[in-house]
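Q: Mind looking over this structure? Questions follow.
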């Protein structure tokens, strides 16, 4: 599960860097889902999952050019 979560996070980051925002949003959504599942099963600490999810969303919002608090 730990390896799977790392794979999904890396895939999402790669998609964000490529600038494909439609697929990037879906990749981030999948990464968040797997991080939640990994934390729920006790493989990683819930705070670690929250930190990784927050980082992904911040990267996505920065790439799109909008602030995370803007509701976008």
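Please treat every number below as a calculation from the coordinates, not as lab data. From a predicted model like this one, the values you see are computed outputs, not experimental measurements. Cβ sites come from the backbone with ideal geometry, for glycine too, and all protein chains shown count toward neighbours.
Q: Here are labelled values, (1) 13.5; (2) 14.0; (3) 12.2, and one is the computed Kirkwood radius over Cα pairs in Å for what I pasted. Which one?
A: Label (3) holds the value from this structure.
Q: Another question, then. Please give the residues of region 1-28, grouped as numeric ranges, whose backbone N is less than 13 Å from a label point set 7 Å along the Cα-to-Cβ vector of residue 57.
A: 28
Q: For residue 43, project a label point 7 Å along Cα to C-beta. Then give me every residue of region 4-21 with its amide nitrogen under 15 Å of that point.
A: 4-11
Q: Given only helices, namely DSSP H runs of n ≥ 4 each adding -39500 (n - 2.57), what is the per-residue ellipticity at 222 nm of the chain, to the nearest 500 deg cm²/dmol? Walk me through the numbers before you get to the answer.
A: On the way: 3 runs with 56 residues, N = 72.
Mean residue ellipticity, 222 nm, calculated: -26500 deg cm²/dmol.
Q: Name the residues of region 1-36 whose amide N is less than 13 Å from a point 7 angstrom out from the Cα of residue 64 along the C-beta direction?
A: 16, 20-29, by backbone N distance to the label point.
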